[in-house]
Amino acid sequence: MYGRIRSWILDDGEDPVPMFRDQPLLRKVENVRMLDRYSARKPSFGTLYLTTTHLIFVDHDAKKETWVAHMHIAVVEKLPLSTSGSPLRIRCKTFLSVTFVLPKERDCHEVFVTLQQLSQPVHIEDLYCFSYKPSNDDVPKGAGWNFFDFQTEFQRMRVPNDAWSLTLLNKDYELCDTYPRYLYVPSMASTTVLLGSSRFRSKGRLPTLTYLHSNKAAICRCSQPLSGFSARCLEDEQMLNCVLETNPNSKFMYVVDTRPKINAMANRAAGKGYENENFYENIKFHFLGIENIHTMRSSLAKMIETCELKSPSMNAFIGGLESSGWLRHVKAVLDTSKFIAQAVGVEGVTVLVHCSDGWDRTAQVCTLAALLLDPYYRTIHGFQAIIEKDWLSFGHKFTDRLGFIRGTDNRELSPVFTQLVDCVWQLLSQVPSAFQFNEWFLLELHDHAHSCQYGTFIGNCEKDRLDLRLSERTYSLWGYMANHMNEYINPLYKPDAHPDILIPNLAPQNIRFWRGMYCRFEGGVHPRESLVDLLMATSDHSSSLQDHIRFLQRRISMLKEKLVKVRGIRESDEDVKAAEQLKDGSLVGTESGIIDNKYLYEKKNLTEEPGIVDKHISQVSEDGADLRDAAYPSIVSSAHGLSLDVSPANITVEQLVREMESVALDWKTLRNVKECACSAPFDHSSRKYHCWCCGEVFCIRCVDKHAQLPGHLSQRAVPVCRPCFQLVKRALTAETP
């Protein structure tokens with residue numbers, strides 16, 4: 001079975017393959033029931049389609065489709081047979097839990113076995129990203145892979161400089177194979193010190209720079225020392241002293257061990273442990289108590305069990321949430337990050353951060369601390385950059401932690417990245433005006449980290465990704481997001497409101513349960529439209545209208561030029577006669593050549609004082625500079641009797657009509673829109689999208705095109721539905737000579 005599936009994905013066989021929704025179909029099962037615990041009395045009846053990439057349930061009567069990506073599946077369970085059939089329960093990494101009841105046990109067993117094989121491929125090169133082909137060619141394969149450059153990001157922080165320099169000791173990943181090839185270390189640290197420190201640190205992960213603040217205080221990261229109960233390393237002690245010397249504004253530095261102290265002490269028995277303050281001078285040591293990956297895995301599992309209670313009472317839900325400890329762990333991560341941010345940004349003290357191996361808790365707190373310190377990381381591009389730097393380049397084990405392939409030790413699985421996304425959401429909820437991205441951006445990032453549809457998160461470190469040639473063989477998530485950027489903009493974002501360090505209030509009552517993540521697929525517990533979605537639609541509509549207004553102002557200005565030009569030609573004979581009368585004072589009603597004709601007076605001013613034209617045009621539109629370049633020569637030339645064509649030279653009535661009708665002035669409200677034009681129903685988990693051309697509401701599959709509308713001045717590509725895309729395309733083709 002697995003070999004046949006793999007051949008269908010990778011090879012072009014001669015035999016025709018049955019297809020469903022443009023995907024190879026493995027199996028089709030009729031008369032399947034889908035159970036929803038919130039509407040158990042009204043189960044959905046439909047057809048189950050098993051393709052090479054998705055499990056799809058289609059309820060034809062309700063016109064509803066439920067798609068489950070194979071790589072999103074965490075657990076597949078065959079439940080005991082019932083009188084109505086053979087139940088199959090699927091739990092997903094996106095927190096979707098669904099139960100299908102198949103009429104025949106044999107069909108259920110075949111689907112069960114196939115899903116087990118497809119949700120965890122044997123080889124990493126069997127992952128979805130290596131065979132994924134987008135339905136359209138809007139995003140080229142190389143898009144997004146060059147958005148982030150490790151050295152460019154440090155140059156933004158003004159590194160290298162006198163205190164910090166680039167070392168090439170890890171260029172071939174010989175110093176530390178889980179670190180990036182380029183490392184920034186203290187300029188004072190010699191090669192001997194770097195090599196010695198690397199040998200003394202777990203996995204060779206020596207102290208290295210990850211963030212430099214404007215006050216010269218830095219955040220550095222590493223792994224635990226191999227100190228045991230009494231071992232010491234002079235080179236490592238010198239290394240920390242070199243880190244301290246990079247900051248002339250402080251006489252000491254913090255060493256933050258993110259683990260509980262009892263865990264760090266237990267590691268001493270294995271020859272590891274933590275720094276001995278008797279050997280390291282001028283450091284202040286802090287344990288900040290974030291639990292390990294095993295505790296986090298268990299905590300999330302308990303919280304999901306609470307969310308899946310069949311008849312949740314208030315006591316059961318609150319008690320289950322408390323006993324899981326998930327929110328307590330989220331607060332611990334945020335507390336540690338806040339401590340680091342205040343130490344660096346307020347006290348001006350350098351901080352060295354580590355946990356055990358420095359790729360889980362260390363990545364979390366370094367990311368969040370930088371997010372609090374630097375407004376750039378609170379933008380979409382900046383947040384992508386910090387994920388690339390602190391998670392992908394510095395070696396978070398995505399393949400192991402998210403369980404991409406079969407054979408991964410279950411003890412390696414942990415929701416470390418999910419916890420980071422939750423922490424960012426906590427900050428976003430508390431200070432929404434400080435972040436350029438919205439909740440949908442975080443959900444998309446979380447889901448695609450698990451989907452393996454893009455190559456961005458494949459592998460355990462930078463070296464793995466280079467060995468797999470992911471940038472050549474797969475698509476980048478950043479390229480996809482760049483093509484859907486309008487979906488992720490936070491309408492409440494005010495970049496000037498929070499230009500400096502962000503200090504959140506982490507009182508217990510401010511740490512919230514994220515219903516939009518962990519219960520987003522639960523029907524009947526969500527409003528149809530969220531406030532953020534309504535604000536985004538309003539913001540997009542306003543942006544479209546403003547762009548259209550600027551375009552109309554430009555057109556009005558051009559038409560006025562044409563009118564002035566035509567009027568000047570028709571009255572040229574009168575102008576000559578009037579000018580002669582001015583010379584001898586014979587104009588009726590004037591003496592001594594005094595101008596009494598308003599038209600000639602304005603024309604004379606236009607000729608003698610060109611600045612008036614600039615003033616007039618700047619009043620017509622905010623885009624005054626552009627209009628001056630286009631309109632000023634034409635108006636002045638007309639006044640001088642010259643004939644210069646106005647750009648565009650030939651504006652037809654048909655063209656004007658097309659331009660006016662290409663932008664929707666009224667958008668249909670999102671409220672009470674129950675289904676798309678394709679009959680796909682809208683529920684709490686499906687987003688609604690406006691077509692900027694016609695103003696109607698569609699689902700994501702019907703608004704999968706972007707076009708430049710003729711009625712927009714900016715000519716940026718905006719979302720349009722498929723029929724409008726064809727109309728705009730035909731109109732542009734007709735105008736092309």
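The values are calculated or read from the model by the stated rules, or taken from the named source; none is laboratory data. Everything quoted here is computed from the prediction, not taken from an experiment. Because the Cβ atoms are built from the backbone with ideal geometry, glycine has one as well, and the counts that use them run over all protein chains shown. Ligands, DNA and RNA are excluded from the accessible area calculation, which covers all protein heavy atoms including side chains. Shrake-Rupley method; radii C 1.70, N 1.55, O 1.52, S 1.80 Å.
Modelled with pLDDT under 90, open to solvent by less than 20 Å² (accessible area, probe 1.4 Å), part of a strand (DSSP E or B) and not basic (Lys, Arg) - does that describe any residue in the stretch 30-46?
no
Out of the residues in the stretch 188-204 that are touching a helix residue (DSSP H, G or I) at 6+ places or on another chain (Cβ under 8 Å) and outside any helix (DSSP H, G or I), state the one that is nearest to residue 356 (Cα to Cα).
If we take residues in the stretch 188-204 being touching a helix residue (DSSP H, G or I) at 6+ places or on another chain (Cβ under 8 Å) and outside any helix (DSSP H, G or I), then 201 is nearest to residue 356 (Cα to Cα).
Specify the residue that is nearest to the chain's Cα centre (by Cα); the eligible residues are those in the stretch 152-183 that are under 24 Å from residue 360 (Cα atoms) and basic (Lys, Arg).
181
From (1) part of a loop (DSSP other than H, G, I, E, B); (2) closer than 21 Å to residue 342 by Cβ; (3) of a type in the set (Ser, Thr, Tyr), pick out the condition that doesn't hold for residue 210.
With respect to (1) part of a loop (DSSP other than H, G, I, E, B); (2) closer than 21 Å to residue 342 by Cβ; (3) of a type in the set (Ser, Thr, Tyr), residue 210 is out only on (1).
Exactly one condition in (1) open to solvent by 30 Å² or more (accessible area, probe 1.4 Å); (2) of a type in the set (S, T, N, Q); (3) in contact with a Gly (Cβ under 9 Å, 6 or more places away or on another chain); (4) more than 30 Å from residue 302 (Cβ to Cβ) is not met by residue 486; state its number.
It is condition (3) that residue 486 fails.
Could you list, ordered by first residue, the pairs with Cβ atoms under 7 Å in which the first is in the stretch 340-368 and of a type in the set (Val, Ile, Thr) and the second is open to solvent by 10 Å² or more (accessible area, probe 1.4 Å) and in a strand (DSSP E or B), at least 6 apart or interchain?
Correct list of pairs: 349/254; 351/254.
Got a number for residues in the stretch 146-169 being in contact (Cβ under 8 Å) with a residue 40 or more places away in the chain and either open to solvent by less than 70 Å² (accessible area, probe 1.4 Å) or part of a helix (DSSP H, G or I) (or both)?
Looking only at that region, the number is 9.
Anything in the stretch 393-411 that is surrounded by 16 or more Cβ atoms within 10 Å (Cβ to Cβ) and not in a loop (DSSP other than H, G, I, E, B)? List them, or say none.
Once the filter is applied, which keeps residues that are surrounded by 16 or more Cβ atoms within 10 Å (Cβ to Cβ) and not in a loop (DSSP other than H, G, I, E, B), the stretch 393-411 yields 393, 398, 399, 400, 401.
Kindly evaluate residue 76 against the criterion of being in contact with a helix residue (DSSP H, G or I) (Cβ under 8 Å, 6 or more places away or on another chain), open to solvent by 10 Å² or more (accessible area, probe 1.4 Å), of a type in the set (Val, Ile, Thr) and part of a strand (DSSP E or B).
Yes; evaluated as a whole, the condition is true for this residue.
What are the residues in the stretch 691-722 that are crowded, with 16+ Cβ neighbours inside 10 Å, farther than 21 Å from residue 134 by Cβ and free of Cβ contacts under 8 Å to residues at least 40 places away in the same chain, if any?
Scanning the stretch 691-722 gives 693, 694, 695, 696, 697.
Taking the options 429, 414, name whichever one is among the small types (Gly, Ala, Ser) and open to solvent by 10 Å² or more (accessible area, probe 1.4 Å).
Sole residue among the options that is among the small types (Gly, Ala, Ser) and open to solvent by 10 Å² or more (accessible area, probe 1.4 Å): 429.
Being over 17 Å from residue 51 (Cα atoms) and either in contact with a helix residue (DSSP H, G or I) (Cβ under 6 Å, 6 or more places away or on another chain) or not in a helix (DSSP H, G or I) (or both) is the filter; apply it to the stretch 103-121 and report the residue that is least open to solvent (accessible area, probe 1.4 Å).
Checked the stretch 103-121; the qualifying residue least open to solvent (accessible area, probe 1.4 Å) is 103.
Which of the residues spanning the stretch 194-240 are open to solvent by 20 Å² or more (accessible area, probe 1.4 Å), charged (D, E, K, R) and over 18 Å from residue 281 (Cβ atoms)?
199, 203, 216
Filter the stretch 413-447 for residues that are among the charged types (D, E, K, R) and in contact (Cβ under 8 Å) with a residue 60 or more places away in the chain; which is farthest from residue 479 (Cα to Cα)?
This residue is 422.
Scanning for something buried (at least 20 other Cβ atoms within 10 Å of the Cβ), closer than 20 Å to residue 663 by Cβ, at pLDDT 90 or above and of a type outside the set (Val, Ile, Thr), does the stretch 678-690 turn up at least one residue?
Yes, the stretch 678-690 contains a residue that is buried (at least 20 other Cβ atoms within 10 Å of the Cβ), closer than 20 Å to residue 663 by Cβ, at pLDDT 90 or above and of a type outside the set (Val, Ile, Thr).
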